[in-house]
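Q: After the structure tokens below, expect a handful of questions from me.
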Amino acid sequence: MKNIPSLSDFSQMASAEREALPHDVLLEIQSELETKDAVVKKLNAVFEATLNAKYGDQILSEYVGKDEPYGSQSVMVNGGKLQCDRKKNVKWDNEELAKIEIQLRNDNHIPGEYITIERKISETSYKAWPASLSKFFDSARTVKPGKLSIKLVAEEN
């Protein structure tokens, strides 16, 4: 049996000690972390559902008294205080904004002062284009590497 450090011991090890661990030990630690992460995510979901079931109606009634049904709200409940935050989700109708943009131009306004216009090209579309077309866009395209992700893989026996 391999000597696999506990997660607590692993976190307390010096960087050089952790780096010296063999691949198979790191694989075991990775597996344990993934299992614990899945359990914590499930428990968080159950806990949030419990809070919503227990306090949801009272919290929502507090928001009713506000001018806007979102933002931060402190709610006193039997036995304590809750700090609640309800995010504001705003969606704009792009077809309607396009009409407004035309109207702004017709009224001698500069739409860019009011509307952020973002041009995008999907990478899938770009890669599917023939070279004769994609070359026109190359000067506007910058590619940078994203965050490196490393996952240990068990060797097949």
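Q: If you go through segment 111-129 one residue at a time, how many are over 23 Å from the mean Cα position of the chain (by Cα), of a type outside the set (Phe, Trp, Tyr) and more than 19 Å from Val143 (Cα to Cα)?
A: Residues that pass the stated criteria total 5.
Q: Anything in segment 90-110 that is under 32 Å from the mean Cα position of the chain (by Cα) and either in contact (Cβ under 8 Å) with a residue 12 or more places away in the chain or on the phi > 0 side of the Ramachandran plot (or both)? List them, or say none.
A: Leu97, Ile100, Glu101
Q: Residue check, Ala45 against (1) modelled with pLDDT under 90; (2) in a helix (DSSP H, G or I); (3) small (Gly, Ala, Ser), all met but one. Which one?
A: Unmet condition: (1).
Q: Out of all the residues in segment 112-152, which are aliphatic (A, V, I, L, M) and touching a helix residue (DSSP H, G or I) at 6+ places or on another chain (Cβ under 8 Å)?
A: Ile115, Ile117, Ile121, Leu152
Q: Considering only residues that are exposed (fewer than 11 other Cβ atoms within 10 Å of the Cβ), small (Gly, Ala, Ser) and part of a helix (DSSP H, G or I), which ones fall in segment 76-124?
A: Gly112
Q: Listed residues Ile29, Ile59; which is in a helix (DSSP H, G or I), more than 26 Å from Glu155 (Cα to Cα) and in contact with a Leu (Cβ under 9 Å, 6 or more places away or on another chain)?
A: The unique qualifying residue is Ile59.
The values are calculated or read from the model by the stated rules, or taken from the named source; none is laboratory data. A quick note: this is a predicted structure, and the numbers were derived from the prediction, not measured. So basically every Cβ, Gly included, is an ideal-geometry build from the backbone, and we count neighbours across all protein chains shown.
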